[in-house]
Amino acid sequence: MNQVTGCFITFEGGEGAGKSTQINRLANLLRRRGHDVLVTREPGGSQGAEAVRHVLLDGQAEEFGVRMEAILFAAARNDHVEQIIRPALEEGTVVLCDRFMDSTRVYQGVTGNLEPAFTENLERVAVHGVVPDITIIIDVPAKTGLERARKRGSKDSSGPDRFEKEEIVTHEKRREAFRELCQSEPDRCKLVDGMAKEDTVALTILELVEAILPELPSTGAKSGKR
Ligand code: TYD
């Protein structure tokens, strides 16, 4: 395997946490500072994974059970990692990914009641060594997040997806599980209050990212502070 020189940043959280807004803000800022930035998302992000995405999100896979769904998420993830994420990191790109392995841990593992050994093994195969350098978990109460997601759904007339349709207690369990991840892996997973003002959330995320971002090469147009 080639040496990985980029930086892999994932964003996690419940529905309507504000991940996409914050990812776009961070991407713009890092680009202005001279970084090469790739914004991507899961499920999807590569040709193979996008083919699996609609099967998962419109609920076609639901009737086959949570194991089947978890395996499909993992298959999509592995394609995304090998086709897109790993090559980008090897070129020194900062990769910002909207959801990654922690979504499977929480959605399929915790609220899908899958046994940990099953999800751990799947995760190992799916990511194949490509683990995020930092994971930003944007925390909002389930009720607020769902209201935001509903508004967004009615605006773009997409309506709720297979997961948004679930009960509020399920979404609260997910919120709790994401918060627990920050306790069990405090070096990688950072909890950010998604109820704060958008600018405040953006600044908090920037500070967390700056702390781990590799220095830019000090020659040419990309010189300067990180
Ligand atoms: P999407 O509309 O792409 O994004 P978001 O909710 O982040 O704005 O929906 C993705 C859905 O898929 C979301 O409800 C979470 C779910 N999901 C899983 O259940 N497991 C996973 O591994 C991933 C990546 C997503």
Would you check which residues across segment 45-62 are part of a loop (DSSP other than H, G, I, E, B) and free of Cβ contacts under 8 Å to residues at least 40 places away in the same chain and list them?
-> Ser46, Gln60, Ala61
Every residue from segment 148-177 that is touching a Gly at 6+ places or on another chain (Cβ under 6 Å) and at negative phi = Arg148, Ala149, Gly153, Pro160, Arg162, His171, Arg174, Arg175
Scan segment 176-219 residue by residue and report those that are among the hydroxyl-bearing types (Ser, Thr, Tyr) and within 22 Å of Arg148 (Cβ to Cβ).
-> Thr200, Thr204
Tally time: how many residues in segment 167-217 are in contact (Cβ under 8 Å) with a residue 60 or more places away in the chain and among the charged types (D, E, K, R)?
-> 4
Considering residues that are touching a Cys at 6+ places or on another chain (Cβ under 7 Å) and in a loop (DSSP other than H, G, I, E, B), the number found within segment 13-44 is 1
Only residues that are touching a helix residue (DSSP H, G or I) at 6+ places or on another chain (Cβ under 7 Å) and more than 14 Å from the ligand (Cβ to nearest atom): list them for segment 48-73, please.
-> Gly48
Taking segment 20-30 and keeping residues under 22 Å from Arg86 (Cβ atoms) and within 12 Å of the chain's Cα centre (by Cα) leaves Ile23
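Among the residues of segment 90-111, write down those that are outside any helix (DSSP H, G or I) and at negative phi.
Scanning segment 90-111 gives Glu91, Thr93, Val94, Val95, Leu96, Cys97, Asp98, Phe100, Thr111.
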Selected residue [surrounded by fewer than 17 Cβ atoms within 10 Å (Cβ to Cβ), in contact with a helix residue (DSSP H, G or I) (Cβ under 6 Å, 6 or more places away or on another chain) and modelled with pLDDT of 95 or more] from Glu172, Glu198, Glu207 = Glu172
Which one of these is crowded, with 20+ Cβ neighbours inside 10 Å and more than 15 Å from the ligand (Cβ to nearest atom): Leu96, Leu89, Leu122?
-> Leu89
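Picking from Leu72, Leu114, Leu146, which residue would you name as being farther than 30 Å from Met195 by Cα, in a helix (DSSP H, G or I) and either among the polar types (S, T, N, Q) or more than 16 Å from the chain's Cα centre (by Cα) (or both)?
Leu72
The values are calculated or read from the model by the stated rules, or taken from the named source; none is laboratory data. Given the structure is predicted, the values throughout are model-derived calculations rather than measurements. Here Cβ is always computed from backbone atoms with ideal geometry, including for glycine, and neighbour counts include all displayed protein chains.
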